Amino acid sequence: MDFRNLKKILEKSGHEQAKKLAKNTAKSLTDRYNYLIQRFYNEYTPKFYKRIWELNDIGVPFYKNAHGRIYYGGVKISSDNMWDSYYHDPVETVLQSALNGYHGRYIKGSVMPYDSLIKYRDDFVNKLKNTK
């Protein structure tokens, strides 16, 4: 048996599996973010301001291949797709709402998307570690 060829076959298979896992992880975390944002929006109806639904567009899948050997998959949460206005700063909105669960400026919600997403990620990683 030619072990050099076997090594190449195994490396190729491992890279394909790692790439697939990173892409699946990116999709899973992005789907979870979108679910959490909908829960966040559903728990509170604004009385003093008009909701603009911007948090729906800030979570995008993140996938990266570093040096052909390491694959990363996740969700990128960014204010890049938000518009700036006199009443709010996009970065502050992401920090206060998407990360810390505030509706408006002073109303703390029970859904904290970022904390819930981190817990989901940790559970997801532990599940993968225990999969044989």
Evaluate the following for residue 107: is it surrounded by fewer than 17 Cβ atoms within 10 Å (Cβ to Cβ), β-branched (Val, Ile, Thr) and closer than 29 Å to residue 16 by Cβ? no
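Within the group 32, 121, which residue is assigned to a helix (DSSP H, G or I) and closer than 27 Å to residue 11 by Cα?
Result: 121 is the single residue among 32, 121 that is assigned to a helix (DSSP H, G or I) and closer than 27 Å to residue 11 by Cα.
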Return the total of residues in segment 83-113 being touching a residue at least 24 places away in the same chain (Cβ under 8 Å), assigned to a helix (DSSP H, G or I) and closer than 22 Å to residue 45 by Cβ. 5
Unique match (being in contact (Cβ under 8 Å) with a residue 60 or more places away in the chain, of a type in the set (Val, Ile, Thr) and within 21 Å of residue 111 (Cα to Cα)) among 58, 77, 37: 37
Taking the condition within 12 Å of the chain's Cα centre (by Cα), surrounded by 16 or more Cβ atoms within 10 Å (Cβ to Cβ) and not polar (S, T, N, Q), does residue 118 pass? no
Odd one out for residue 79 among (1) in contact with a strand residue (DSSP E or B) (Cβ under 9 Å, 6 or more places away or on another chain); (2) at pLDDT 80 or above: (1)
So residue 63 passes all but one of these: (1) in contact with a Lys or Arg (Cβ under 9 Å, 6 or more places away or on another chain); (2) of a type in the set (Phe, Trp, Tyr); (3) in a loop (DSSP other than H, G, I, E, B). Which condition number does it fail? (3)
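The values are calculated or read from the model by the stated rules, or taken from the named source; none is laboratory data. All figures in this text were calculated on a predicted structure; none of them were measured in a lab. All Cβ positions, glycine included, derive from the backbone under ideal geometry; neighbour counts span all protein chains shown.
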